[in-house]
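Trainee: Would you mind keeping the following structure in view while I ask a few things?
The values are calculated or read from the model by the stated rules, or taken from the named source; none is laboratory data. As the structure is a prediction and not an experimental result, all values here were calculated from the model. Cβ atoms come from the backbone with ideal geometry, glycine included; neighbour counts cover every protein chain shown. These accessible areas exclude ligands, DNA and RNA; they are computed on the full protein's heavy atoms, side chains included. Shrake-Rupley method; radii C 1.70, N 1.55, O 1.52, S 1.80 Å.
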Amino acid sequence: MVPTFVIFLREGVEASMIVAILLAYLDKLGQRRHFRDVFAGVAAAMGLVLAGGVAAYLLLASYAGSRVQTIFETATFLVAAAVLTSMTFWMQGHARSLSSELKRRTDAALDGRARWGLRILAFQAVGREGLETMVFTLAIVFASSGRGVIGGGIAGLVAALAVAFAIYRLGRRIDIGRFFTVAGAVLMVFAAALLADAVENLQQLGWLPVGAHLWNTTRALPEDGNLGDLLHVLFGYADHPTALQLGVYVLYLALAVGIFVARRPRRRRVGAATSPPPAAA
């Protein structure tokens with residue numbers, strides 16, 4: 001429930017920001033009649049993502065316990081970790097230009113067939129967030145017992161809407177950049193756990209060497225127990241990990257989180273820069 005909550009919260013806030021920017025810009029242009037086109041694109045994206053996620057889960061359920069299931073789960077873990085990492089770095093680098101890019105694309109849509117152009121724009125923007133959320137959710141279901149996933153998703157969406165409303169009401173008093181920084185760092189820990197799970201599956205398939213197990217805490221804290229299941233999804237805990245699993249986990253965290261923190265934009269100190277001339281201001 002906890003990782004699903006964080007994922008839905010993060011993706012929900014980003015999707016809400018995108019929709020809010022589109023609607024605010026259309027309102028500024030006096031094009032409120034196109035609000036319905038934006039909502040139509042959002043609804044289509046959410047419906048398609050939900051249908052795709054349910055279909056993928058039911059398809060995998062038909063191969064429960066088979067080698068095909070293990071291969072599919074491994075691919076999901078790898079894709080989820082890759083997409084999660086890339087979108088976290090993407091948001092870090094494009095957060096400042098997100099609004100101007102959406103406005104430019106909105107202008108282009110209005111110059112052509114406005115209704116379909118805006119629907120496609122909203123569909124693409126929200127659909128990308130929904131697709132990422134679907135992949136992450138499937139990965140969490142495969143990596144854990146799956147209990148609490150629905151509850152965590154609903155709670156995350158409610159919290160995301162609350163954050164979006166607070167941003168609308170409070171504006172600049174909310175540091176949205178810090179929110180994405182913290183959420184990105186937390187999600188990278190989840191990604192490290194998914195990579196460790198992928199390595200474990202690849203070892204079970206015989207595609208990677210197993211080697212010796214570093215420890216065995218199956219009796220004290222089993223991985224399929226309540227606490228073990230929670231620690232496994234949150235931090236990648238394993239009751240009998242191999243050296244390769246632990247190595248991939250630590251290496252990913254060291255590189256990804258280290259680069260993410262190093263690339264974080266630094267705040268300018270007051271007075272550090274010269275004031276612009278009156279005309280430029």
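Trainee: Enumerate the pairs (first residue in segment 145-171 and under 20 Å from G130 (Cβ atoms) and of a type in the set (F, W, Y); second residue anywhere and open to solvent by less than 30 Å² (accessible area, probe 1.4 Å) and at pLDDT 90 or above) with beta-carbon separation below 8 Å, excluding pairs fewer than 6 apart on the same chain, so at least 6 apart or on different chains.
Mentor: Cβ pairs passing all conditions: none.
Trainee: Give the residue, chosen from T74, T70, that is in a helix (DSSP H, G or I), open to solvent by less than 20 Å² (accessible area, probe 1.4 Å), more than 30 Å from G30 (Cα to Cα) and touching a residue at least 12 places away in the same chain (Cβ under 8 Å). Before you say what the answer is, go through the steps one by one.
Mentor: Working: T70 fails: open to solvent by less than 20 Å² (accessible area, probe 1.4 Å).
Only one candidate qualifies: T74.
Trainee: Taking segment 214-236, which residues are at pLDDT below 90 and not in a helix (DSSP H, G or I)?
Mentor: Correct list: E223, D224, G225, G236.
Trainee: Tell me yes or no: at least one residue of segment 13-22 is farther than 18 Å from F165 by Cα and at pLDDT below 90.
Mentor: Scanning segment 13-22, I find no residue that is farther than 18 Å from F165 by Cα and at pLDDT below 90, so the answer is no.
Trainee: Can you pull out every residue in segment 84-94 that is free of Cβ contacts under 8 Å to residues at least 60 places away in the same chain and open to solvent by 40 Å² or more (accessible area, probe 1.4 Å)?
Mentor: Correct list: S86, W90, H94.
Trainee: Kindly list the number of the only condition in (1) under 26 Å from I7 (Cβ atoms); (2) open to solvent by 60 Å² or more (accessible area, probe 1.4 Å); (3) of a type outside the set (D, E, K, R); (4) in contact with a helix residue (DSSP H, G or I) (Cβ under 8 Å, 6 or more places away or on another chain) that fails for L59.
Mentor: Evaluating L59 over (1) under 26 Å from I7 (Cβ atoms); (2) open to solvent by 60 Å² or more (accessible area, probe 1.4 Å); (3) of a type outside the set (D, E, K, R); (4) in contact with a helix residue (DSSP H, G or I) (Cβ under 8 Å, 6 or more places away or on another chain) leaves (4) as the failure.
Trainee: If you scan segment 172-191, which residues turn out to be among the small types (G, A, S) and either surrounded by 18 or more Cβ atoms within 10 Å (Cβ to Cβ) or at pLDDT below 80 (or both)? Spell out how you get there, then give the answer.
Mentor: Taking segment 172-191 first, the residues among the small types (G, A, S) are 177, 183-185, 191.
Listed by number, the residues that qualify are G177, A183, G184, A191.
Trainee: Go through V54, V79, V19, V49 for me and flag whichever is within 30 Å of A155 (Cβ to Cβ), part of a helix (DSSP H, G or I) and in contact with a Leu (Cβ under 8 Å, 6 or more places away or on another chain).
Mentor: Of V54, V79, V19, V49, the one residue that is within 30 Å of A155 (Cβ to Cβ), part of a helix (DSSP H, G or I) and in contact with a Leu (Cβ under 8 Å, 6 or more places away or on another chain) is V49.
Trainee: Looking at segment 105-126, is at least one residue among the small types (G, A, S), surrounded by 15 or more Cβ atoms within 10 Å (Cβ to Cβ) and at pLDDT 85 or above?
Mentor: Looking through segment 105-126, at least one residue is among the small types (G, A, S), surrounded by 15 or more Cβ atoms within 10 Å (Cβ to Cβ) and at pLDDT 85 or above.
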